[in-house]
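The values are calculated or read from the model by the stated rules, or taken from the named source; none is laboratory data. What you see is a predicted model; the values in this text were computed from it and never measured. Every residue, glycine as well, gets a Cβ built from its backbone with ideal geometry; the counts of neighbours run over all protein chains shown.
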Ligand SMILES: Cc1cc2nc3c(=O)[nH]c(=O)nc-3n(C[C@H](O)[C@H](O)[C@H](O)COP(=O)(O)OP(=O)(O)OC[C@H]3O[C@@H](n4cnc5c(N)ncnc54)[C@H](O)[C@@H]3O)c2cc1C
């Protein structure tokens, strides 16, 4: 019988939970250590390309994912000033073309699906990891409360400010892109009523709608089987900001930032009451993820700009591949982690760089042709 590994995962976000699910399905013992006092997600949406959906389905989560997510019809690009259609990319044939649909999800819904799919007593809360260590026999994680966890491997899935990454490779220098975004979620009917019952508003019910301006973007898409509308607006600015998704802002600050934009956008923003802003930072791809029996996954390994909407998708792919690689050679976990890194680092780094280039292209006027995402969507980590 194949050896059963003991795997310590740092971080109970989308990546840590997806990895726990993938590893448990293959019969390995998993412990998740999360610094927060309870597991949860911020109120925001995310888009899941077919590459991510294929991995989620293969984790046995198809019925829950299909029930709670939305399958938008198209990706529509509109002019910020007059609402003219600039570009339409249909999603409907995603299944035929790439083997899975293009979906949108409330982050809390996706996180909840993954959380319910892991063994509940494998999650340990209030455990802030400070450092990790690897030796010939095992890997060790040390926590702020004095606890230490030992396993065959330690996986740092502790997000953009990863303590595990810092232990392995030192502190990095994120680059502020001078782009600030505001976000919110609205009941769909409330949003449509405010936007006005016209063709533009109807589009927001069934499409991913991106309003483009040289000064920034506004992005709307349906969530939770169409009950909710995800609302985002971002702009280039000289203002300085901290790297966080949850800096409280004010309604007036948000509205003032988009003065002169199309009334449909302003009416939707006008309905958002709990206002948060976040600044976009960029980082260079790492050249290594693994040291001995410790490796990285998700934003800890490849923090990327959200312009290609692939951060969570590439993270879910990582989780699937990590489990496959560890399962393939459980007698040599360090070699298995190197195989995982070899399969993932190039693809993740390419998406990181392409997300940066798309961000830079977005500023150019007239609009450059959008990058083809076929190479991202057609990838199937479950096929190997
Ligand atoms: C504005 C924005 C929009 C986005 N839109 C999309 C999108 O449309 N599609 C998409 O695919 N992706 C999107 N992303 C990216 C996506 O959200 C991330 O890539 C994804 O959440 C990464 O998951 P993760 O588990 O690696 O990290 P996280 O979700 O950040 O989870 C890390 C976990 O580790 C915990 N933790 C941190 N430090 C420690 C520690 N020292 N000890 C213990 N626990 C710790 C945290 O509390 C957290 O629970 C977006 C990101 C942003 C900012």
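Listed values, structure above:
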{"read-out": "Within segment 24-53, tally of residues that are within 22 Å of residue 119 (Cα to Cα) and surrounded by fewer than 23 Cβ atoms within 10 Å (Cβ to Cβ)", "value": "14"}
{"read-out": "Some residue of segment 359-377 being in the same structural domain as residue 139 (by TED's automatic domain parsing), near the ligand (Cβ under 10 Å from one of its atoms) and in a helix (DSSP H, G or I)", "value": "no"}
{"read-out": "Test: residue 53 is within 16 Å of the ligand (Cβ to nearest atom) and within 18 Å of residue 230 (Cβ to Cβ)", "value": "yes"}
{"read-out": "Residue within segment 69-87 that is over 18 Å from the mean Cα position of the chain (by Cα), more than 27 Å from residue 262 (Cβ to Cβ) and crowded, with 17+ Cβ neighbours inside 10 Å present", "value": "no"}
{"read-out": "Number of the exception - residue 60 against (1) surrounded by fewer than 17 Cβ atoms within 10 Å (Cβ to Cβ); (2) part of a helix (DSSP H, G or I); (3) at pLDDT 95 or above", "value": "(2)"}
{"read-out": "Strands (runs of 3 or more DSSP E) within segment 4-51 that include 2 or more residues more than 23 Å from residue 94 (Cβ to Cβ)", "value": "6-10, 29-33"}
{"read-out": "Flag for residue 312 being under 12 Å from the mean Cα position of the chain (by Cα) and under 23 Å from residue 32 (Cβ atoms)", "value": "yes"}
{"read-out": "Hey, residue 344 assigned to a helix (DSSP H, G or I) and within 16 Å of the ligand (Cβ to nearest atom) or not", "value": "yes"}
{"read-out": "Evaluation of residue 353 against (1) over 24 Å from residue 235 (Cα atoms); (2) outside any loop (DSSP other than H, G, I, E, B) (one fails), failing number", "value": "(1)"}
{"read-out": "Sole residue being over 19 Å from the mean Cα position of the chain (by Cα), within 16 Å of the ligand (Cβ to nearest atom) and surrounded by 15 or more Cβ atoms within 10 Å (Cβ to Cβ), chosen from 168, 219, 229, 210", "value": "168"}
{"read-out": "Enumeration of residues in segment 92-116 that are buried (at least 19 other Cβ atoms within 10 Å of the Cβ) and outside any helix (DSSP H, G or I)", "value": "100, 101, 102, 103, 104, 105, 106"}
{"read-out": "Scope segment 1-15; condition within 12 Å of the ligand (Cβ to nearest atom) and closer than 16 Å to residue 149 by Cα; matching residues", "value": "8, 9, 10, 11, 12"}
{"read-out": "Any hit, segment 7-19, residues being modelled with pLDDT under 95 and surrounded by 17 or more Cβ atoms within 10 Å (Cβ to Cβ)", "value": "no"}
{"read-out": "Any hit, segment 315-330, residues being in contact with a strand residue (DSSP E or B) (Cβ under 6 Å, 6 or more places away or on another chain), part of a helix (DSSP H, G or I), in the same structural domain as residue 349 (by TED's automatic domain parsing) and in contact (Cβ under 8 Å) with a residue 24 or more places away in the chain", "value": "no"}
{"read-out": "Residue in segment 244-253 that is under 21 Å from residue 352 (Cβ atoms), at pLDDT below 90, within 16 Å of the ligand (Cβ to nearest atom) and in contact with a strand residue (DSSP E or B) (Cβ under 8 Å, 6 or more places away or on another chain) present", "value": "yes"}
{"read-out": "Any chance residue 187 is surrounded by fewer than 21 Cβ atoms within 10 Å (Cβ to Cβ), out of contact with any helix residue (DSSP H, G or I) (no Cβ under 7 Å at 6 or more places or on another chain), over 30 Å from residue 287 (Cα atoms) and at pLDDT 90 or above", "value": "yes"}
{"read-out": "Residue 125 vs. criteria in the same structural domain as residue 163 (by TED's automatic domain parsing), within 10 Å of the ligand (Cβ to nearest atom) and touching a helix residue (DSSP H, G or I) at 6+ places or on another chain (Cβ under 9 Å)", "value": "no"}
{"read-out": "Unmet criterion (only one of (1) under 20 Å from the mean Cα position of the chain (by Cα); (2) crowded, with 18+ Cβ neighbours inside 10 Å; (3) closer than 30 Å to residue 237 by Cβ) for residue 345", "value": "(3)"}
{"read-out": "Residue tally, condition farther than 18 Å from residue 172 by Cβ and either outside any loop (DSSP other than H, G, I, E, B) or within 6 Å of the ligand (Cβ to nearest atom) (or both), over segment 291-314", "value": "8"}
{"read-out": "Residue match in segment 233-253 (condition: touching a residue at least 60 places away in the same chain (Cβ under 8 Å) and surrounded by 19 or more Cβ atoms within 10 Å (Cβ to Cβ))", "value": "no"}
